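The values are calculated or read from the model by the stated rules, or taken from the named source; none is laboratory data. Source: prediction; values computed, not measured. Cβ coordinates were reconstructed from backbone atoms using ideal geometry, including for glycine residues, and neighbour counts include every protein chain displayed. Keep in mind that these areas ignore ligands, DNA and RNA; they rest on the heavy atoms of the full protein, side chains included. Shrake-Rupley method; radii C 1.70, N 1.55, O 1.52, S 1.80 Å.
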Amino acid sequence: MAAPQVFRHALDNLNRLWRGIAAPFAEDEQQIVFAPQLSEDDARRLSELIRQCLEGRGGEVSARARAARLGRLYLGLDAHGKQRFLSTLAREFPADRAQLNEAATALARAEDDDDYLAAEEELRARLLSPRLRLLKHFNALPQGVKFLIDLRADLLRWTDGDIWLRSLDRELRQLLATWFDSGFLELRRITWDSPAALLEKLIAYEAVHEIRSWEDLRNRLESDRRCYAFFHPAMPDEPLIFIEVALVEGLADSIQELLDPQAPVTDLQEADTAIFYSISNAQKGLRGISFGDFLIKQVVDDLRHDLPQLKSFATLSPIPGLRRWLAQALEVADLDPGLRRLQQALDAAAERLGTPSNLAAVMDSPNWWEDAQLAELLREPLELLCLRYFHERRADGLPLDPVERFHLGNGARIEKLDWLGDRSPKGMRQSCGLMVNYLYRLEDIEKNHEAFVGEKHIVTAKRLKNQLDLLEGDKGGPLRRLLKGRS
């Protein structure tokens, strides 16, 4: 089932569930029909409906029914209408500024512990905004938590440049982070015998390496493969994040070979390495709420229990920002030595391929890597500059690459570059075909984590450090100045 079909089915199911809960207002609902784009008149009526829900007239059952009605109205809007709905909620129902100022003043003036604690409690109560109380009403509805996650996914599309929507997002993210503490999560292994609806969601949510067919999925769930996911009690049929694992001999260096359905199944008695080749966040609305590190640790524990012969745990990871970084760097008029080597290689490759002499033209040429001489010409400068990319930093001192930040933060180290590890169009667009192995050495995980988090140290295998030394003379050149200005 394609992703849009999965989401449409979930939407229809939610509407059906909430129709019954909103039944006390069925007659009113016949009269309240919002235009999909939510006109100004509709927005005014929306404000009144929200106020009625927050007033709590009729008790908890009526509040839930009103929340269900609001939720169904939201689900019927188009993107513009949803943006206006969220903007109305954010701007018209924040915490009361005057009451906050009064409570903060009382806290500042408290002279003894009793007064201070009372003022603190009052301030905390005032910080609970009306809009947050409305969001909590949705939590009491069937699949209400999933609705809030999807609502936040919508909200994240419009927070840039809108301080009110950003404020609403902070409140909602804090609420979800409380509910999705790692202690509430359950790790489950997914197999070919899992419910078909769950397998459909794996296909829809896979974000790293597209699952192209049911046969492709079955291959990823073979006996020499593992798939694990975190679930929450409020969403027992919805994976939050899942990880795909291949059990192999040695470090895998090609995603095409790893996912080849014609490749022989590895004998588990011969497998000595677990390769984490895909980690997908299934719920966009949980962005910024991290539990991927807990997932990896629990998966390692489970694999060590079932397959004690495993000696190594590593990833085969994409490098999503490399090509964009290289393209920016090559725009510099006075190229440093490392970039000059790459440009010379591109010039030679372009002449051989009959294309313009630029990174995009060469990388997007079909199957250029099948020319062994050409591939070898490009390999050295691209690998060396990839190592430099891994050691370039943002303004906060952390590495540029998001996947690198994730794995180093979990205690892994940069172990090995994989030349032409991903020859797919996506791999070429992201990283000129390069991939990387991050190694989780169990005895070093805590030490590496502390070094990265405490000192922002980029833990790298010694062999790669030696390769990086080849570029030491380039440091401080125009490339570094350019990237510093853009970070």
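Of the numbered conditions (1) more than 30 Å from Ser223 (Cα to Cα); (2) modelled with pLDDT of 95 or more; (3) buried (at least 16 other Cβ atoms within 10 Å of the Cβ), Ile275 fails exactly one; give the number of that condition. Among (1) more than 30 Å from Ser223 (Cα to Cα); (2) modelled with pLDDT of 95 or more; (3) buried (at least 16 other Cβ atoms within 10 Å of the Cβ), the lone unmet condition for Ile275 is (1).
For the range 85-97, the count of residues that are among the charged types (D, E, K, R), over 28 Å from Leu38 (Cβ atoms) and open to solvent by 70 Å² or more (accessible area, probe 1.4 Å) is zero.
Candidates are the residues of the range 165-215 that are surrounded by fewer than 16 Cβ atoms within 10 Å (Cβ to Cβ) and of a type in the set (Asp, Glu); the one that is modelled with the lowest pLDDT is Asp181. When the residues of the range 334-344 are filtered to those that are within 28 Å of Pro402 (Cα to Cα) and free of Cβ contacts under 8 Å to residues at least 60 places away in the same chain, the one that is most open to solvent (accessible area, probe 1.4 Å) is Arg340. From the residues in the range 222-237 that are in contact (Cβ under 8 Å) with a residue 40 or more places away in the chain and touching a strand residue (DSSP E or B) at 6+ places or on another chain (Cβ under 7 Å), which one is farthest from Leu187 (Cα to Cα)? By that ranking, first place goes to Asp224. Scanning the range 354-377 for residues that are among the charged types (D, E, K, R) and more than 32 Å from the chain's Cα centre (by Cα), which turns out nearest to Arg341 (Cα to Cα)? It comes out as Glu376.
Scan the range 352-359 and give yes if some residue there is open to solvent by 40 Å² or more (accessible area, probe 1.4 Å), in contact with a Phe, Trp or Tyr (Cβ under 9 Å, 6 or more places away or on another chain) and of a type in the set (A, V, I, L, M), otherwise no. Looking through the range 352-359, at least one residue is open to solvent by 40 Å² or more (accessible area, probe 1.4 Å), in contact with a Phe, Trp or Tyr (Cβ under 9 Å, 6 or more places away or on another chain) and of a type in the set (A, V, I, L, M). Residues of the range 385-404 that are under 16 Å from Ala461 (Cα atoms), open to solvent by 10 Å² or more (accessible area, probe 1.4 Å) and in a helix (DSSP H, G or I): Arg388 alone.
The number of residues in the range 304-322 being over 12 Å from Met435 (Cα atoms), in contact (Cβ under 8 Å) with a residue 40 or more places away in the chain and not hydrophobic (A, V, I, L, M, F, W, C) comes to 2. The number of residues in the range 133-158 that are among the hydrophobic types (A, V, I, L, M, F, W, C) and either more than 19 Å from the chain's Cα centre (by Cα) or farther than 22 Å from Phe231 by Cα (or both) comes to 8. All told, Ala110 falls short of being closer than 19 Å to Thr178 by Cα, open to solvent by less than 80 Å² (accessible area, probe 1.4 Å) and among the small types (Gly, Ala, Ser).
Report yes if Ile211 is closer than 19 Å to Pro318 by Cα, under 20 Å from the mean Cα position of the chain (by Cα) and among the β-branched types (Val, Ile, Thr), otherwise no. So Ile211 passes the test. Listed by first and then second residue, the pairs with beta-carbon distance under 6 Å, at least 6 apart or on different chains, first residue in the range 64-82 and more than 11 Å from Ile21 (Cα to Cα), second among the acidic types (Asp, Glu), are Lys82/Asp154. Those helices (runs of 4 or more DSSP H) of the range 33-112 in which 2 or more residues are farther than 22 Å from Ser167 by Cβ occupy 40-55, 59-75, 97-109. Residue-level analysis places Leu382 among those that are touching a Cys at 6+ places or on another chain (Cβ under 9 Å) and open to solvent by less than 20 Å² (accessible area, probe 1.4 Å). The set of residues in the range 432-469 being closer than 16 Å to Met363 by Cα and either surrounded by fewer than 18 Cβ atoms within 10 Å (Cβ to Cβ) or out of contact with any Asp or Glu (no Cβ under 7 Å at 6 or more places or on another chain) (or both) consists of Cys432 alone. Scanning the range 150-169 turns up at least one residue that is closer than 21 Å to Ala234 by Cβ, touching a residue at least 24 places away in the same chain (Cβ under 8 Å), out of contact with any His (no Cβ under 7 Å at 6 or more places or on another chain) and in a loop (DSSP other than H, G, I, E, B). For the range 405-428, filtered to residues that are within 19 Å of the chain's Cα centre (by Cα) and closer than 30 Å to Leu374 by Cα, the residue that is least open to solvent (accessible area, probe 1.4 Å) is Gly427. Filtered by the rule that a residue be part of a helix (DSSP H, G or I) and touching an Asp or Glu at 6+ places or on another chain (Cβ under 9 Å), the range 332-341 gives Pro337, Gly338, Leu339, Arg341.
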